[in-house]
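Contents: one structure, followed by commentary.
The values are calculated or read from the model by the stated rules, or taken from the named source; none is laboratory data. Quick caveat, the model's predicted, so the values are computed rather than measured. Virtual Cβ from ideal backbone geometry, glycine too; neighbours counted across all protein chains shown.
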Amino acid sequence: MTHFGDRSARIALAVAALILLSVGPSLAQRAAVPCDAFARTSFGAWRVLDPVMLNLNGRLYSPTVGTVFPAGGMQNGIEMSDILDQQCGNR
């Protein structure tokens, strides 16, 4: 009887893992950039105001508060100022 219970538990765990793995990334990729965590400077750069975790094409990125992304500059292979311009506009 315990053999059947162990097998059922493993199957349930596998199904739950598949559901979490298939749903989790798609939800994170659809999340918009939290624009209120950034401020545009007068020179076109962006400054991080609040702690934030970004999912950029499957890569998690958490810039430090106070970080400045200069216009056209690359950070970890990502042009953050361009992404922020697209998502948050020229505010």
inquiry  = Among the numbered criteria (1) of a type outside the set (Val, Ile, Thr); (2) outside the structural domain of residue 82 (by TED's automatic domain parsing); (3) modelled with pLDDT of 70 or more, which one does residue 63 miss?
reply    = (2)
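Can you name the residue in segment 49-74 that is in a strand (DSSP E or B) and touching a helix residue (DSSP H, G or I) at 6+ places or on another chain (Cβ under 9 Å) and is also farthest from residue 35 (Cα to Cα) among such residues? Reasoning before the result, please.
So in segment 49-74, the residues in a strand (DSSP E or B) come out as 54-56, 59-61, 68-69.
Narrowing further to those that are touching a helix residue (DSSP H, G or I) at 6+ places or on another chain (Cβ under 9 Å): 54-56, 60-61, 69.
Values: 54: 11, 55: 14, 56: 14, 60: 17, 61: 15, 69: 14 Å.
Per the stated criteria, the residue is 60.
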